[in-house]
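K.L.:
I'd like to ask some things about the structure below.
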Amino acid sequence: MLFTSYEFIGFLLLLFLLYYLLPGRHQWKLLLGASWLFYLSAGPGMILYLLAVTAAVYLAARRIGAIGAAHSAYMAQHRAELSREERRALKDAAKKRQRRVLLAALLLDLGILAVVKYTNFAISNLNSLLHLFRGKGQLSLWNIALPMGISFYTFQALSYLIDVYRGVVEPERDFFRFALFTSFFPQLVQGPISRYKDLSETLWGEHPFHGPTVARGLQRVLWGYFKKLVIADRMLVAVNALIRNSGQYTGAYVFAGMLFYALELYADFTGGIDVTIGVAEALGIRVRENFLRPYFSKSIKEYWRRWHISMGTWFTDYVFYPVSVCKPMLRLNKFARAHLGEKLGKRLPVYLSSFAVWLATGIWHGASWNFVAWGLGNWAVIMLSQELEPLYGRFHRRFQVAGKSWFKLFQVVRTVLLMSALRLFDCYRDVPLTFRMFGSLFTVRNWAVFFDGSLLNLGLAPMDFTILGLGLLLLTGVSLLQRKGSVRDRIAVLPYPLRFVLWFGLFLAVLLMGAYGIGYDESQFIYNQF
Amino acid sequence: MEELLDILRSLHPEVDFARREDLIDSKILDSFDIVSIISEVEERFGVVITAEKILPENFNSAGALYALIQALEDED
């Protein structure tokens, strides 16, 4: 059931009706039923994966909690009789038992994810190797559909499990309450990857009907649909034309494609998240923001703090930090500082951990080499800018440009262009082709296509480009306003007729200018496939 | 405490670490800085700050970080 389908709208209407008719204490149970129903609509077999991950993580967390509780109870009784060494030994033993349970659950859940997501990638690489060594045999690919949202709910469940192990959250006792945490339908297919301590604040609470809250949530849903249907799905037509005919569209077309895809992906992904957060808000549930005006970032590092925030913090908290501060890495740190000098020695271990994170981030996005290249491309740019820091420092001491508006704008444009160039790996889905297309930017001299009307042959009429241009202006304007606080709050204090015109105008825009009908298929959100 | 402030100042000489209480919230320290701090702390204080201790409340101010180091030194 796509967010942009009529079924979903009908499903939401019915859910809202029942949700606000039910006594508050039963609301979360209805949400669980609705979430499972939503998931079942993707195919009956798929829900088994969701249930397996939920059950495995639930049981493992309970076990880890029980080991911790037994240890605390024993210590409370016997603390006085034990020496400091004995206390430490007992604590270590309990932690070790907890770690074993954690590792078993991690292995199982990541194993499921690896098998369904990466088996075919492994087989095709194996086949390439066989071919290289002139082997005759070819292994056949496995016919399996990727369970909807598996990367998202697996990561969300594992963050809870690791937090229980770390003692940050208490294990949930009620299986069904926990099941709602892993399967809450608005965020099931494309995130955000919520943390238990955030979502648990409102997920199971009682939410009596409150008109302004529901309206506020639905306003955000409408804004999300505007981004997705009016902008992203319209831009998609030109992006597809450019990518599918890569032989024909080289040089300046690649540059156009970079910018078009930057707009499409932004409108698609942030629009989807607006629908997610808006639906949750209308149900009285708070989901944390996943974007913070990422295209206003002045560096790639900053961009990754503001784009798909829940994924970035997941990798930082559960991969980057544990790898960076584990004992072998600290030993490597010492060794590197002794042998490579203080400065480089200090940075090397951080770069290594960061490499692991970006490799994992790339693979998480998809089982193919182009995503690995994309991840490592991000890593290389971040490392390079880190290494060039002294040079930047000298530049800024010589020229006093930092803080000047035009320089900030330059930094913002530079970051958008760098990120857009890296995303070519995502567009062309083929590493050598991506390099060829990128190279053509500098070798093919066809920049006139921006002025001679050639871009009108990509399946979009002048009217479409006008709508996209106005849409881009609106997105930029809203983002600029957001810097000073919620735009919806500012609209809410306007006189009623003005408010009505604004929201009804947006509704009409979605209805009349949404990309529907022939030539536009109801298209999936880009992030649904990860 | 002075030794900890030295570590912090070596990363960002322009920041008044003795007073700031929003080092994480205001994004003064990023993840790379935190890892550098942890390895320096391990070297100079002999305590290992494990990943689960990397929480905003432990890194928002020099005082909080110092309290964490002392707690780890005293831990049984």
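K.L.:
Tell me, in nm to one decimal, what length is gained between A:Q248 and A:S5 on full extension, where the rule is 0.36 nm per residue of separation less the Cα-Cα distance? It would help to have the intermediate numbers written out before the result.
P.N.:
Numbers: separation 243, 0.36 × 243 = 87.48 nm, distance 3.41 nm.
My answer for the length gained is 84.1 nm.
K.L.:
Which entries of A:K346/B:K53; A:K484/B:K27; A:K95/B:K27; A:K404/B:K27; A:K227/A:K404; A:K301/A:K346 have Cα-Cα distances beyond 26 Å here?
P.N.:
A:K95/B:K27; A:K227/A:K404
K.L.:
Let me ask something else. Say each of A:N457 and A:F410 gets a label point 7 Å from the Cα, pointing the same way as Cα to Cβ; how far apart are those two points in nm?
P.N.:
Each label point is offset 7 Å from its Cα along the Cβ direction, giving 3.7 nm.
K.L.:
For A:Y261, what is the net charge nearby, where nearby means another residue's Cβ is under 14 Å from its Cβ and Lys, Arg count +1, Asp, Glu -1? Show your work: numbers first, answer last.
P.N.:
On the way: positive: A:R234, A:R244, A:R423, A:R429; negative: A:D233, A:E264, A:D268, A:D426.
Value of the local net charge: 0.
K.L.:
Any chance you could run the full-extension gain for A:D92 through A:A122? It's 0.36 nm times the residue separation minus the Cα-Cα distance, nm to one decimal.
P.N.:
7.0 nm
K.L.:
Here's something else I'd like to know. Determine the relative contact order of segment A:18-108: mean sequence separation of Cα pairs under 8 Å and six or more apart, normalised by residue count, in whole percent.
P.N.:
Relative contact order of segment A:18-108: 28 percent.
K.L.:
Something else about it: At A:F395 and B:R44, where each label point lies 7 Å from the Cα along Cα→Cβ, what is the point-to-point distance in nanometres?
P.N.:
Going by the 7 Å Cα→Cβ label model, 3.1 nm.
K.L.:
While we're on this one: Helix-only estimate, please: 222 nm mean residue ellipticity of chain A, summing -39500 (n - 2.57) across DSSP H runs of length 4 or more and dividing by its residues, to the nearest 500.
P.N.:
Value at 222 nm, helices only, nearest 500: -23000 deg cm²/dmol.
K.L.:
Sticking with this one: Arrange A:D233, A:D92, A:D163 by Cβ neighbour counts within 10 Å, fewest through most, would you?
P.N.:
Exposure proxy ranking, most exposed first: A:D92, A:D163, A:D233.
K.L.:
Exposure proxy check: A:S299, A:S128 ranked by fewest other beta carbons within 10 Å?
P.N.:
Final ranking by Cβ density, sparse to dense: A:S128, A:S299.
K.L.:
Another question about this same structure. In segment A:127-192, which chymotrypsin sites (Phe, Trp or Tyr not before Pro) are in a loop and have at most 13 other Cβ atoms within 10 Å, using DSSP for the loop call?
P.N.:
A:F133, A:W142
K.L.:
Compute the length gained on full extension between A:R288 and A:Q482: take 0.36 nm times their separation in residues and subtract their Cα-Cα distance, giving the result in nm to one decimal.
P.N.:
68.2 nm is the gain from fully extending A:R288 to A:Q482.
Values quoted throughout were computed directly from the atomic coordinates according to the rules given, and no laboratory measurement underlies them. Fair warning: this is a prediction, and the values are worked out from it, not measured in the lab. With ideal geometry, Cβ positions are generated from the backbone for all residues, glycine too; neighbour counts draw on all protein chains shown.
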